[in-house]
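Working notes, structure below.
The values are calculated or read from the model by the stated rules, or taken from the named source; none is laboratory data. Computed from a prediction, not measured in an experiment: that's the story for all the values here. Note that each Cβ is placed from the backbone with ideal geometry, even for glycine, and that neighbours are counted across all protein chains shown. With ligands, DNA and RNA removed, areas are computed over all heavy atoms of the protein, side chains included. Shrake-Rupley method; radii C 1.70, N 1.55, O 1.52, S 1.80 Å.
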Amino acid sequence: MGKKLRMGMFAAAAALGLHVASVLPSTAQELRVATSYKLLTLDPHYAVLNENIALLSHMYERLLYQDEALDLKPGLATSWKRLSETQWEFKLRENVRFQDGSAFSAEDVVYTIRRIQGFLKPPSGGFQAYVKSIKSVAVSGSLTVVIETEGSVPTLPLQLSNIFIMHHEAAGFRTTEDLNSGALANGTGPYKFDSWQSGETLKLTRNEDYWGGKPSWSEVTFRIIESPAARVAALVAQDVDLADFIPARDVEGVKKRGLKVESVSAARSNFLQFDLGREELPEVTDKDGNPIPNPFRDVRVRRALAMATDRQFLADKILLGYGTAAAQFFPNGLPGTSPKLVPEPPDYEKAKALLAEAGFPNGFNLSLAGSSGRYPGDGETLQAIAQNWARAGVGVKPVAVPFSVFETNRAGGKYAVWYAGCSGEAVDICLNAVVASPDKARGTGALNYGNYRNQAFDDVLAKARTIEVGPERNAAIAQAAELVMADQPVISLYHFHHISAYGGKVASYTMHPRGWTTAMQAVPSDK
Amino acid sequence: MTNVILGRFLQAFLLLLVMSLIGFIGIHSAGNPVYNIVNVETASAEDIREATIALGLDQPLWVQYVRFLENVGTGNFGTSYIYHLPAFGLLLSKLPATFELAFLAMLPAAPIGTGLGLLAGRHPGSILDGLILRSSVFALSIPSFWLSMMLILLGAIFTGWFPSGGRGETLSFLGQNWSFLTLDGLRHLALPVLALAIPNIALIARLARSGTVEVERLDFTRFCRAKGLSPSRILFRHTLPNISIPIVTIVGLQFGGMLAFAVVVESIFAWPGIGKLLIDSIQLLDRPVVMATLTFVSAVFVLLNALVDITYSILDPRVRVSV
């Protein structure tokens, strides 16, 4: 019947004399990608979300970019140096043209920074943080800019590695609405904008005049497929050549069908965060259900719970091996991480003893909250931890809800301990946001929702963050991390892995720990 | 007659109002959409607060609702929180995809279902009847996500005849993009159309069967038979019109349902239609889009019901008299 129907429909189309486009066999140089990243806007400065950044980086470029080891590499700037405590000079690349043919110059850098600083208004946001410290941008020669900062900002180049350079317009700043129409997309990147249907597809074509040489693919089509099963099906049915965010449970099946799989430990971590700010916490009670004073304020309780958490189990069984057990914010080996911070196997007896020492020989009860479906294995992780902690005598009610509901409740103070995540361009950003004392003026503790305060650590971290980017800074940050993790303000759980899979048209694919999916990472095979 | 139409309009208006209130409160109580717009792994509390204010979400709920009604009065459903595009425009851009899917599913489903029902009902208890009845129960009881996945498994992965999802090539016609105008688009349509048509065929067949069984027992059919009319003439000229009212009703309602709630099939086949837009927007708490979609869907249902009523009066003189 299906066949009949199909024939019928073909016949109907033919009978109507309609223009019937032939099915073009995809040419060797066309790359079709199934991505979970739904591009939200074509404005490169609208929101710092991977959803936008990964796809927009085909069209727009940054002055510098982070490679797979998170080291800075020259992009539109060929070199940069610090002239003084507050002054930076960036030499710009010669012979770079925007896609409309106009030459790239220092004016474009000025325009871009001003647009982010002064033009865009909430709800757009996020990029402002990277240019907040910039006092002025001066053009000195057509291919040199000198940036003056408010105070010493040793990580300015790293911050600028987030900023897409737009072409300056004499007529003034482009609005988000203008850019969303697509016609005005004009960057220096290797691929040109062709068309965009929100939530459906993004089509790109090769920028023949790209300064870095001819890009590998003549056409790139991103299909936005949020359902992981549908993404895998599209890859297996060869409707696409590359798919990102493959669920760990599907990896074996995908491999069996002759597809290749790549993965990388993400530059991020998921952890449990305690509310330490309040005297009493919701749903934290003794075994009879009577409220008790905030038990997490006692470091022994936090340590005991960490001891009773089987992170290796989470990585091996919940994430099926596509996760690395964590004891700090970024995977060991990345800049600023400490080799001394390694997850320990659980010791339930010791945890029990420590709880007894802290005054809870019978344990206590709590609710452990978190999102479900936001991060790989998030809901199951809560249940696994509930079982872990039960062995140490702590009764846990896992509460897994949709992400925005979780965030709304968390902000409303409804949780006592919860599952959270942090990512960023460097590990000190997570340290500074999650465990440094909340202080708006100093810009610390933005994600420290548990109100953890540790003056000694604050000082060490602040000092470390003033050091020039390099081994010395990394060592100082690693030391700060060791200091704070000994106090167990959070329980690091795991760094999940980004998993992508690809078919025969792609010879190799380089994973990026930031989790980006781009055509530039895919090398075409000769076939 | 004027009173009836006026009453209809009033009913429709009240329905839309109640629906908008329920939708508004529902999506509001689910959570704050700001967390889907800013990067919560880097944004500060300040960023989140500013974005909340910019979207007007800091206001009390009733203020937000009154503002929403004011805007809708001027034909403006607001701007999508997520895509920064006008919500109604976003909805309209997804309409052709859903419309062609629902239309192509109903086009074969109505006649095939009716035909099978007539065949089965003519000789109740026969082998053919049993076969049709049983397969329709099966087709109705399998969940649509399973049916869709089986279709992908068979039609896309094992045989490779059809693509697993997406719309394929589209052609612009009347200012919109349509898949059914291209061969590639039709290949993409085949599986989701099947997934939607199969349960509808089953439903309509069952309805037609029970109607036929009932009507064939009535005196006028016996009279026709006594008069010596051929069985096929009795079936098509006399039985069919008499069983058509419930069928028209169900075709209308199912068509409306497919326009609005083909959520599962659209999600699995990554078919960018209204159902997928609705479920995505609910997940992202994109209130303007959810409200625009719900209003549109309600309006479509009201309209379809009116159409069904009009069709009744054409098909059945008794209804005409009472209107």
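Among the candidates B:ARG209, B:ARG225, B:ARG187, B:ARG287, single out the residue that is of a type in the set (D, E, K, R) and surrounded by fewer than 19 Cβ atoms within 10 Å (Cβ to Cβ).
Numbers: B:ARG209 fails: surrounded by fewer than 19 Cβ atoms within 10 Å (Cβ to Cβ); B:ARG187 fails: surrounded by fewer than 19 Cβ atoms within 10 Å (Cβ to Cβ); B:ARG287 fails: surrounded by fewer than 19 Cβ atoms within 10 Å (Cβ to Cβ).
B:ARG225 is the lone residue from the list that is of a type in the set (D, E, K, R) and surrounded by fewer than 19 Cβ atoms within 10 Å (Cβ to Cβ).
For segment A:390-410, check the following and say yes or no: at least one residue is of a type in the set (D, E, K, R), closer than 25 Å to A:THR309 by Cβ, within 14 Å of chain B (Cβ to nearest Cβ) and outside any loop (DSSP other than H, G, I, E, B).
Yes: segment A:390-410 contains one or more residues that are of a type in the set (D, E, K, R), closer than 25 Å to A:THR309 by Cβ, within 14 Å of chain B (Cβ to nearest Cβ) and outside any loop (DSSP other than H, G, I, E, B).
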From B:PRO241, B:PRO199, residue being at pLDDT below 90 and assigned to a helix (DSSP H, G or I)
B:PRO241
Any idea which residue in segment A:356-393 is surrounded by the fewest Cβ atoms within 10 Å (Cβ to Cβ), counting only those that are farther than 21 Å from A:SER269 by Cα and touching a Pro at 6+ places or on another chain (Cβ under 7 Å)?
A:PHE364
Filter segment A:226-250 down to residues that are touching a Ser or Thr at 6+ places or on another chain (Cβ under 8 Å) and part of a helix (DSSP H, G or I) and give me whichever is surrounded by the fewest Cβ atoms within 10 Å (Cβ to Cβ).
A:PRO228
Residue selected from segment B:202-230 under the condition outside any helix (DSSP H, G or I) and either of a type outside the set (S, T, N, Q) or touching a Ser or Thr at 6+ places or on another chain (Cβ under 9 Å) (or both), by the criterion farthest from B:PRO111 (Cα to Cα):
B:GLY228
Here are the criteria: (1) among the aliphatic types (A, V, I, L, M); (2) surrounded by 23 or more Cβ atoms within 10 Å (Cβ to Cβ); (3) more than 12 Å from chain B (Cβ to nearest Cβ); (4) outside any helix (DSSP H, G or I). Tell me which single one A:ALA420 does not satisfy.
(3)
Lone qualifier among B:THR52, B:THR98 - being assigned to a helix (DSSP H, G or I), touching a residue at least 60 places away in the same chain (Cβ under 8 Å) and buried (at least 19 other Cβ atoms within 10 Å of the Cβ):
B:THR98
For the subset of segment A:40-88 comprising residues that are of a type in the set (Lys, Arg) and surrounded by fewer than 19 Cβ atoms within 10 Å (Cβ to Cβ), which member is nearest to the other protein chains (Cβ to nearest Cβ)?
A:LYS73
Are any residues in segment B:161-177 open to solvent by less than 50 Å² (accessible area, probe 1.4 Å), assigned to a loop (DSSP other than H, G, I, E, B) and facing another protein chain (nearest Cβ under 7 Å), and if so, which ones?
B:PRO163, B:SER164, B:GLY165, B:GLY166
Suppose the filter is within 12 Å of another protein chain (Cβ to nearest Cβ) and of a type outside the set (Gly, Ala, Ser); does B:LEU181 pass it?
yes
Determine if segment A:294-313 includes at least one residue that is within 14 Å of another protein chain (Cβ to nearest Cβ) and either surrounded by fewer than 23 Cβ atoms within 10 Å (Cβ to Cβ) or basic (Lys, Arg) (or both).
no
Please state which of the following conditions B:ILE274 fails to meet, knowing it meets all the rest: (1) surrounded by 21 or more Cβ atoms within 10 Å (Cβ to Cβ); (2) farther than 25 Å from B:PHE24 by Cα.
(2)
Just the residues that are under 24 Å from A:ARG278 (Cα atoms) and touching a residue at least 40 places away in the same chain (Cβ under 8 Å), please, taken from segment A:421-442.
A:GLY421, A:CYS422, A:CYS430, A:LEU431, A:VAL434, A:VAL435
Looking at B:ILE243, B:ILE234, which one is more than 14 Å from chain A (Cβ to nearest Cβ), open to solvent by less than 30 Å² (accessible area, probe 1.4 Å), hydrophobic (A, V, I, L, M, F, W, C) and touching a Cys at 6+ places or on another chain (Cβ under 6 Å)?
B:ILE234
Which one of the conditions (1) open to solvent by 20 Å² or more (accessible area, probe 1.4 Å); (2) more than 24 Å from B:ILE198 (Cβ to Cβ); (3) out of contact with any Ser or Thr (no Cβ under 7 Å at 6 or more places or on another chain); (4) at the interface with another protein chain (Cβ under 10 Å from one of its Cβ atoms) does B:ASN36 fail to meet, given that it meets all the rest?
(3)
Selection within segment B:269-286 - at the interface with chain A (Cβ under 9 Å from one of its Cβ atoms), touching a residue at least 60 places away in the same chain (Cβ under 8 Å) and part of a helix (DSSP H, G or I):
B:LYS276, B:LEU277
Among the strands (runs of 3 or more DSSP E) contained in segment A:95-210, which hold 2 or more residues that are without any contact (Cβ under 8 Å) to a residue 40 or more places away in the chain and over 29 Å from A:LYS81 (Cβ atoms)?
A:191-197, A:201-206
Could you check B:ALA45 against (1) open to solvent by 50 Å² or more (accessible area, probe 1.4 Å); (2) over 23 Å from B:THR170 (Cβ atoms); (3) more than 9 Å from chain A (Cβ to nearest Cβ) and say which number it fails?
(3)
